1. Which order do 3, 93 fall in if you start with the one that has the fewest other Cβ atoms within 10 Å?
2. Using the 10 angstrom Cβ neighbour count as an exposure proxy, how do 86, 4 rank, fewest first?
3. Jot down the radius of gyration and Dmax of the chain, Cα atoms only, both in angstrom.
4. Hey, what angle do you get for helix 93-102 against the long axis of the chain, alpha-carbon based, 0 to 90 degrees rounded to 10?
5. Fewest to most neighbouring Cβ within 10 Å: what's the order for 109, 77?
6. Expressed as a rounded percentage, what relative contact order does the chain have, with Cα pairs under 8 Å and six or more residues apart?
7. May I ask you to derive the FRET efficiency for residue 108 and residue 14 from their Cβ-Cβ distance with R0 = 35 Å, giving the value to the nearest 0.05?
8. Given the rule -39500 (n - 2.57) for each run of at least 4 DSSP H residues, summed and divided by the residues of the chain, what is its mean residue ellipticity at 222 nm, to the nearest 500 deg cm²/dmol?
C-alpha cells in the first residue's frame, strides 16, 4: 500500500508533464519549459497569445481566477476548441490536457488565422 500511495501519483505527474510538454511543442514553444516554475506560466501565456505581464495578475487573489480562465480559454481557442473545452481544462485538466497533447488538435498560428474581411455594403 505504501508504494501505491507514492508510485501512482508520481506516474500521474510524469504523464501530465509529458502532456504539457507535447502541447507546448505543438504550439512551437520549448517543451522543457514545463519543468521551470514561473517560466512555464509565461510560455502558457504565449501559447494563449496573451501578454506576459498577466503573470503578475496571477498573484492577486480572485483576479487570478478570472485571468487563469481567460488564459485557458485562449489556449483552447488557439487549438481550435470551444468554450466547452475550456470548462474541461478547468475542471478535468487531467483528461483534457492529454486530449490536446495526444489528439489531433493543431495550434492555430497568427498567419493561418487572418483577420476577417468585412465587405462594404452596396
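Derivation of every value follows stated rules applied to the coordinates shown; laboratory data play no part. Everything numeric here is computed off the predicted structure, so don't read it as measured data. Positions of Cβ are backbone-derived with ideal geometry, glycine not excepted, and every protein chain shown enters the neighbour counts.
1. 3, 93
2. Ordered from fewest to most neighbouring Cβ atoms within 10 Å, 86, 4 come out as 4, 86.
3. According to the Cα coordinates of the chain, Rg and Dmax are 16.7, 74 Å.
4. 70 degrees
5. Going from least to most buried by this count: 109, 77.
6. Relative CO of the chain lands at 23 percent.
7. 0.75
8. When only DSSP H runs of four or more count, the value is -18500 deg cm²/dmol.
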